[in-house]
Amino acid sequence: MDDLKLLYSRLGFADIDTFIQSGNITFSSDIIDSLEIKKIIEKGILNEFGFDVMTIVFEKDYLRNIIENNPFKNEDAKMQYFSFLDDVPLKELLEKFDDDFATSNEIAIGKNIVYVFSENGYSKTKFNNNFIERRLKVNSTTRNFNTLMKLLDR
């Protein structure tokens, strides 16, 4: 994580903070466009470390909005998971996804986010990251409620 912090600094970002060994990084930037930041980071990681990784970049306000609009916010926070999508899925895939799981009390979809509530824990839900990526044909990364709250505090 220290090497990643140094890379972000060399890429021109400031106020860099990492959170555990998960790849979660908070930072500030003069660049406003999240897609441009994403491209800079991915290219930097490829050049510095030699591997191609998918990143998802969003502002804290977006994260706050996700928490505020969480359809499972009245449920046990330990059982809440958030799958961030790196792109907007095709409309027909979203419609099919909604149709297939409309009656589920475990999953809800928003813009670039899939909310997952699993009473038995994330390792036992069928709505895991791989499932979401296969169904929606986009890359995603999943974080639990506590991680999101800690990222908001940074």
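Values in this text are rule-based calculations from the coordinates and carry no lab data. Predicted model, so just to flag it, every value in this text is computed and none were measured. All Cβ positions, even for glycine, are placed from backbone atoms using ideal geometry, and neighbour counts span all protein chains on display.
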(message) Taking each pair of distinct Cα atoms in the chain once, what is the resulting Kirkwood hydrodynamic radius in Å?
(response) 16.6
(request) Enumerate the calculated ³J(HN,Hα) couplings along the stretch 111-117 in order (Karplus 6.51 cos²θ - 1.76 cosθ + 1.60, θ = phi - 60°), each rounded to whole Hz, writing x wherever the residue is Gly or Pro. (result) 6, 6, 8, 10, 8, 10, 10
(request) Express in nm, to one decimal, how much length is gained between Asp87 and Asp3 on full extension, taking 0.36 nm for each residue of separation and deducting their alpha carbon distance. (result) 27.5 nm
(request) Go through the stretch 129-139 residue by residue and turn each phi into a ³J(HN,Hα) via Karplus (6.51, -1.76, 1.60, θ = phi - 60°); whole Hz please, and just put x for glycine and proline. (result) 4, 4, 4, 4, 4, 5, 6, 9, 6, 9, 6
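Based on the Cβ-Cβ distance from Asn120 to Met54, what FRET efficiency comes out when R0 is 30 Å, to the nearest 0.05?
Numbers: r = 28 Å, r/R0 = 0.93.
With a Förster radius of 30 Å, E is 0.60.
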(request) With label points built 7 Å along Cα→Cβ from the Cα atoms of Asp61 and Asp98, find their separation and express it in nm. (result) 2.5
(request) Give the long-range amide H neighbours of Ile107: residues separated by 5 or more places, or on another chain, with amide H under 5 Å away, using H modelled in the peptide plane at 1.01 Å from N. (result) Phe117
(request) Please report, in debye to the nearest 20, how large the charge dipole of the stretch 2-49 is about its Cα centre when each Lys and Arg carries +1 at its beta carbon and each Asp and Glu carries -1 there. (result) 120
(message) With +1 assigned to the C-beta of every Lys and Arg and -1 to the C-beta of every Asp and Glu, and no other charges, what is the dipole magnitude of the chain about the Cα centre in debye, to the nearest 20?
(response) 240
(message) What are the ³J(HN,Hα) couplings of the stretch 40-47, residue after residue, when phi is run through the Karplus curve with 6.51, -1.76, 1.60 and θ = phi - 60°? Round to Hz, x for glycine and proline.
(response) 4, 5, 4, 5, x, 5, 4, 5
(message) Under a crude label model (7 Å from the Cα following the beta-carbon direction), how far is Arg154 from Lys137 in nanometres?
(response) 3.3
(request) Kindly provide the helix-only [θ] at 222 nm of the chain, computed as the sum of -39,500 (n - 2.57) over DSSP H runs of four or more divided by all residues, to the nearest 500 deg cm²/dmol? (result) -12000 deg cm²/dmol
